[in-house]
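Working notes, structure below.
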Amino acid sequence: MNSSSPILLFDSGVGGLTVLAELRQLMPKAPVIYAADMAGLPYGTKTEAEVAARVAGLLGRMAERYNPRLICIACNTASTIALGMVREVLETPIVGTVPAIKPAAALTKTGTIGLLGTQATVRQGYVDDLEREFASDKTLLRYGANDLVALGEHKLRGESVSVDEVAKAARGLVLQVGGEDLDTVVLACTHFPLLEPELREAFGKHVTFVHGAQGIARRIAHLLEGERFSFWSKSFAVTTGELDDFRRLAGAFERHGITRLKRF
Ligand code: DGL
């Protein structure tokens, strides 16, 4: 393995920064290419076929262009739809991001767990399988809160996002039958931890939020244990969308050690 070969973190937008933040704790200087499919954002309102085509096509091209040592699909929507198919065609090791139902099931006291994801994620068979395996004795309430994705994007561009807006976008989870018993909510979209302070305020102190970013970062670090990195090869971020818009995120990327932003 070439020591300048980077880790590729892929998301439809800025959600993957929640994974990068945790990865930086474990591997502060590893070269990372952050790839945002801003031209395809949001994934959560797309069909399975649309998401699969974009993710497989882009990751294939990116793997060829950047020769990453590992790809992390830092997006629940893309992972629950396309992880298996991308793994079949690429030789690069791939770490996915799947809803943290297992830890939530271990935490809940009331036995009622909420799953807040995109509309596309909450309807996946992948989620049915996780529910069957880890939460068959619990009640799992699902809600597709697509509007939270845009709010996370706005927040990282420095725009103001109110607790009211966040509460409105997530309210459908609590309004379901049994919603008053929720004590644990899985943030099953990498954008949502960006809004954790607002979500905490909106849901109240009795609700604990769980997401997978830390576990994913640990998994990446474990898979790359013992590998050499040349620290002079710099991290950067690419977008499939407009560079002018991407540059509005410069501050957010800089907080994670990325100062070069380019078009893919
Ligand atoms: N960040 C992505 C996820 O984890 C989804 C955002 C989108 O709808 O594009 O599901």
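The values are calculated or read from the model by the stated rules, or taken from the named source; none is laboratory data. In this text, all values refer to a predicted model and were calculated from it rather than measured experimentally. Cβ atoms come from the backbone with ideal geometry, glycine included; neighbour counts cover every protein chain shown. Protein only, heavy atoms only, side chains kept; ligands, DNA and RNA dropped before computing areas. Shrake-Rupley method; radii C 1.70, N 1.55, O 1.52, S 1.80 Å.
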- Task: Could you check R87 against (1) within 13 Å of the ligand (Cβ to nearest atom); (2) under 24 Å from F134 (Cβ atoms); (3) more than 16 Å from the chain's Cα centre (by Cα) and say which number it fails?
- Result: (1)
- Message: If the requirement is being touching a residue at least 60 places away in the same chain (Cβ under 8 Å), open to solvent by 40 Å² or more (accessible area, probe 1.4 Å) and closer than 30 Å to L173 by Cα, which of these qualifies: R228, R218?
- Response: R218
- Message: Pull out all pairs, ordered by first then second residue, where Cβ-Cβ is under 7 Å, the residues are six or more apart or on different chains, the first lies in segment 32-58 and is among the β-branched types (V, I, T), and the second is near the ligand (Cβ under 10 Å from one of its atoms) and open to solvent by 10 Å² or more (accessible area, probe 1.4 Å).
- Response: T45/Q119; T45/N146; V51/I81
- Checking V177 against (1) more than 16 Å from the ligand (Cβ to nearest atom); (2) touching a Leu at 6+ places or on another chain (Cβ under 8 Å), which single condition isn't satisfied? (2)
- Query: Among (1) within 14 Å of the ligand (Cβ to nearest atom); (2) under 17 Å from Q214 (Cα atoms); (3) in contact with a Ser or Thr (Cβ under 6 Å, 6 or more places away or on another chain); (4) not basic (K, R), which single condition is A100 missing?
  - Reply: (3)
- Task: Filter segment 111-146 down to residues that are within 15 Å of the chain's Cα centre (by Cα) and farther than 17 Å from L83 by Cβ, then give me how many there are.
- Result: 6
- Query: Here is a list of conditions, (1) surrounded by fewer than 19 Cβ atoms within 10 Å (Cβ to Cβ); (2) away from the ligand (no atom under 13 Å from the Cβ), and A150 meets all of them except one; can you say which number that is?
  - Reply: (2)
- Task: Among the residues of segment 160-172, write down those that are touching an Asp or Glu at 6+ places or on another chain (Cβ under 9 Å) and not in a helix (DSSP H, G or I).
- Result: V161, S162
- Which of (1) open to solvent by less than 10 Å² (accessible area, probe 1.4 Å); (2) over 22 Å from R171 (Cα atoms) is the odd one out, the single condition G117 does not satisfy? (2)
- Query: Only one of V19, V14, V51 is open to solvent by less than 20 Å² (accessible area, probe 1.4 Å) and either modelled with pLDDT under 95 or part of a loop (DSSP other than H, G, I, E, B) (or both); which?
  - Reply: V14
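A quick yes/no check of all residues on (1) touching a Cys at 6+ places or on another chain (Cβ under 8 Å); (2) more than 14 Å from the ligand (Cβ to nearest atom):
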residue	(1), (2)
A30	no, yes
A35	no, no
K46	no, no
R54	no, no
R65	no, yes
R69	no, yes
C72	no, no
N76	yes, no
I94	yes, yes
- Message: Tell me yes or no: at least one residue of segment 173-186 is open to solvent by less than 40 Å² (accessible area, probe 1.4 Å), on the phi > 0 side of the Ramachandran plot and either assigned to a loop (DSSP other than H, G, I, E, B) or out of contact with any strand residue (DSSP E or B) (no Cβ under 9 Å at 6 or more places or on another chain) (or both).
- Response: yes
